[in-house]
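Scroll down for the structure; my scribbles are underneath it.
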Amino acid sequence: NAGVTQTPKFRILKIGQSMTLQCTQDMNHNYMYWYRQDPGMGLKLIYYSVGAGITDKGEVPNGYNVSRSTTEDFPLRLELAAPSQTSVYFCASSYSGGSGGPLNEQFFGPGTRLTVL
Amino acid sequence: GEDVEQSLFLSVREGDSSVINCTYTDSSSTYLYWYKQEPGAGLQLLTYIFSNMDMKQDQRLTVLLNKKDKHLSLRIADTQTGDSAIYFCAEIPNTGFQKLVFGTGTRLLVSP
């Protein structure tokens, strides 16, 4: 199993450009998540999905969009990049979203470092 | 609010014990977690504790939970240079959806 893979690893965007961050998992997890990590801060949840065709907003969804057409893929779209979106983006997946515990362990991808200039 | 607090930095010598502290927010959180982030990598689950436990030991790791004070700690015995990383505590507040709320992370530096 490759686990959770993310592409690209690094990207520099100009203000106003758009891009899609790709995320794929091969563990047949139904839950998937996008987080951003700013320096000296914990991870903030952007969007999450509980299964194909179902997505919902997290804490910081503004400026982002997601889709979940398959179980494996959960791309994150930035439509009009802004300097405030400079961050490291992590995708994660988990088997279920119940009350917690080992079944709900979230597996993280290696991250995408995005800079908006 | 949902702020999980941690001290930002800890420096120890190889062979010493490290203790990383965390104050969480929701007393009804069922599970509490410690994640480890090595440089340039994503987070990896290190250990977790169920809320009805006071302590959990897993090889060199000891997790202590004080529910009254909403305080969680991670002790690493015989700390090695390979333990240098950022450690995040996380909780799942009882808000309906299983959403992990992370602390700010503690950067552990282990010197030889």
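Here are the numbers for this structure:
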| quantity | calculated |
| --- | --- |
| Fraction of antiparallel bridges per DSSP, the protein assembly as shown only, in percent to nearest 5 | 85 |
| For B:100-107, mean number of other protein chain Cβ atoms within 10 Å | 4 |
| Centroid-to-centroid separation of segment A:1-79 and segment B:34-108 [C-alpha atoms, Å] | 24 |
| Hull shadow area, averaged, chain A [alpha-carbon convex hull, nm²] | 6.9 |
| Relative contact order (percent, whole number), chain B, Cα cutoff 8 Å, 6+ residue spacing | 38 |
| Whole-Å semi-axes of the ellipsoid equivalent to the protein assembly as shown (Cα gyration tensor, √5λ, descending) | 30, 21, 16 |
| Inter-site label distance for residue A:12 and residue B:71 at 7 Å from Cα along Cβ, in nm | 4.7 |
| Per-residue average of Cβ from other chains inside 10 Å of A:65-74 | 0 |
| Accessible surface of chain A [probe 1.4 Å, protein heavy atoms]: carbon and sulfur percent | 54 |
| Percent carbon-and-sulfur accessible area, chain B, ignoring ligands, DNA and RNA, probe 1.4 Å | 47 |
| Shielding of B:47-55 by partner chains, average beta-carbon count, 10 Å | 1 |
| For the protein assembly as shown: accessible area per residue (Å², 1.4 Å) | 47 |
| Anisotropy class of chain B from Cα gyration tensor, a/c 1.5 cut | prolate |
| Along principal axes, Cα extents of segment B:16-58, largest first, whole Å | 33, 25, 18 |
| Cα-Cα over 31 Å, subset of A:57/B:56; A:9/B:56; A:14/A:44 | A:57/B:56; A:9/B:56 |
| At least 50 Å² accessible surface lost relative to isolated chain, residues of segment A:37-58 (1.4 Å probe) | A:43 |
| Highest average packing first - B:30-41, A:85-96, A:46-57, Cβ atoms within 10 Å | A:85-96, B:30-41, A:46-57 |
| Buried solvent-accessible surface, both chains (B, A), 1.4 Å probe, Å² to nearest 100 | 1800 |
| Within segment B:39-112, trypsin sites (Lys or Arg not before Pro) in DSSP loop having at most 12 other beta-carbon neighbours inside 10 Å | B:68 |
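The values are calculated or read from the model by the stated rules, or taken from the named source; none is laboratory data. Note that the coordinates shown come from a computational prediction; the quantities given were computed from them, not determined experimentally. When we count neighbours, we look across all protein chains shown, and the Cβ atoms used for this are built from the backbone with ideal geometry, even at glycine. Note: areas computed on protein heavy atoms with side chains; ligands, DNA, RNA excluded. Shrake-Rupley method; radii C 1.70, N 1.55, O 1.52, S 1.80 Å.
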